[in-house]
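S.K.: Sharing a structure, written as structure tokens. Questions coming.
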Amino acid sequence: MKDKLIQKLIIKEEKREQSVINLIASENFVSDDVRQALGSVFTNKYAEGYPGRRYYGGNSVVDELELLTQERALKLFKLSSSKWHVNVQALSGSPANMAVYLALLPLDGSGKIMGMQLAHGGHLTHGHSVSASGKFWKQISYGVSEKTERIDFDELMKIAKKEKPHIIVAGFTAYPRKIEWKKFRAVADAVGAYLMVDMSHIAGLVAGGAHASPFPYADIVTTTTHKTLRGPRGAMIFVKKDLPAQAGVRDLPSKIDKAVFPGLQGGPHENAIAGIAVALHEAAQPAFKKYAEQVVKNASALAGELALLGWRIVSGGTDNHLMLVDTWANGISGKEASDRLEIAGIIVNMNTIPNDTRKPMDPSGIRIGTAAETTRGAKERDMVELAYVIDAVLRG
Ligand code: DSN
């Protein structure tokens, strides 16, 4: 590389990544093939529009790429193209979610998104007031039960019946338990709401069969492509083709396509789409199924050992790739825990825990995930060892 300053930073970051244990629940290590696609000539091309309907010339190869990516996306999640449409252009998870709201919700201030509170594991774009999703539309929030730290569906039904949201969002950023899609469907049906699933965190687990698929129940599924799915940064929006018109919305697939472009963005990042296509192919291989299963086994082993060592695990454990550790129960704030671990070469993020009494910038816990280290080959015995190291570092 001629730009020595940037080359130096790339090498520096590569060394940093290699020298630490990465337990950030939303990160992963992509394959060389994914990186090759990302750095390919597809980055040169402007391609506003969709296959067969582009504004610029020279898009015949891009059309092939995008159609193949859509085909691979539908196949990976066992979806028929006669029933589901997929948009692969959204630049990342937040714009993908915004595109769904833009397509579905009224803009006159009456639109309601029912989403999980940020502090209980929801995402900013599920209607939080600091996100555009909470500025253009009203968040009807729900949380987890104080006692079980799991979703309380009776409470959810009560809120939904009272508030009558247009859309219910399931799928979270910091929820360690299996998500019962069928129960969300029942709540959405009871109030005539769309059910949108944001499966960003667990997409790789769903693809590998390590978490139940939301597709039999959801109307719309959004996902980022760079977490457990192990692709480049990007997003996909899946939408059912045969949805009944609700709140006057018809032909949802085309509405969502239009919300992505021209509604929210211009030219798609075709190099990222090429990387997504590679990742989708990788996730369809038998080895990925084993990977997804191992991610969950590793999380369970790590949470189990930490609990034995005296750390309170929120909700008592994990069913997926992540866990929340209530470090404040042992007198260490989440920030302090995260800082201490980083000094020891273990990267986690501080995180609020349900009903946190502390502030988001210094909350009561940390979030730990196993997707990245499982890619590096970690197994349960490594997790047990890691638990001992984490314990020793935190107890200092
Ligand atoms: N930042 C992502 C996460 O860590 O879950 C969500 O946007």
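S.K.: Looking for something within 16 Å of the ligand (Cβ to nearest atom), touching a strand residue (DSSP E or B) at 6+ places or on another chain (Cβ under 9 Å) and of a type in the set (D, E, K, R) - is there at least one such residue anywhere in the range 204-226?
M.R.: no
S.K.: Among (1) buried (at least 24 other Cβ atoms within 10 Å of the Cβ); (2) within 20 Å of I167 (Cβ to Cβ), which single condition is H226 missing?
M.R.: Going through (1) buried (at least 24 other Cβ atoms within 10 Å of the Cβ); (2) within 20 Å of I167 (Cβ to Cβ) one by one, H226 breaks only (2).
S.K.: Do you know which residues across the range 1-44 are within 16 Å of the ligand (Cβ to nearest atom) and among the hydroxyl-bearing types (S, T, Y)?
M.R.: The answer is S26, and nothing else.
S.K.: Tally the residues that are within 16 Å of the ligand (Cβ to nearest atom), assigned to a helix (DSSP H, G or I) and in contact with a helix residue (DSSP H, G or I) (Cβ under 6 Å, 6 or more places away or on another chain), restricting the search to the range 53-97.
M.R.: So the answer is 3.
S.K.: Testing V197 on (1) buried (at least 24 other Cβ atoms within 10 Å of the Cβ); (2) under 27 Å from L264 (Cβ atoms); (3) in contact (Cβ under 8 Å) with a residue 40 or more places away in the chain; (4) among the hydrophobic types (A, V, I, L, M, F, W, C), one condition comes back false. Which one is that?
M.R.: The number of the failed condition is (3).
S.K.: Condition first: away from the ligand (no atom under 16 Å from the Cβ) and either under 12 Å from A283 (Cα atoms) or of a type in the set (F, W, Y) (or both). Now tell me which residues in the range 191-203 satisfy that.
M.R.: Y194
S.K.: Given the structure, is I159 among the β-branched types (V, I, T), in contact with a Phe, Trp or Tyr (Cβ under 7 Å, 6 or more places away or on another chain) and more than 26 Å from S26 (Cα to Cα)?
M.R.: Here the answer is yes, as I159 does meet what is asked.
S.K.: Here's a follow-up. Among all residue pairs at least 6 apart or on different chains, which show Cβ distances below 7 Å where the first residue, located in the range 10-33, is in contact (Cβ under 8 Å) with a residue 60 or more places away in the chain and the second is in a loop (DSSP other than H, G, I, E, B) and away from the ligand (no atom under 16 Å from the Cβ)?
M.R.: Listed by first residue and then by second, the contacts come to S19/G345; V20/G345; I21/G345; F29/R376.
None of the figures in this text is laboratory data; all of them are computed from the coordinates on show. From a predicted model like this one, the values you see are computed outputs, not experimental measurements. Quick reminder, even Gly has a Cβ in these numbers, built from the backbone with ideal geometry, and neighbours come from all protein chains shown.
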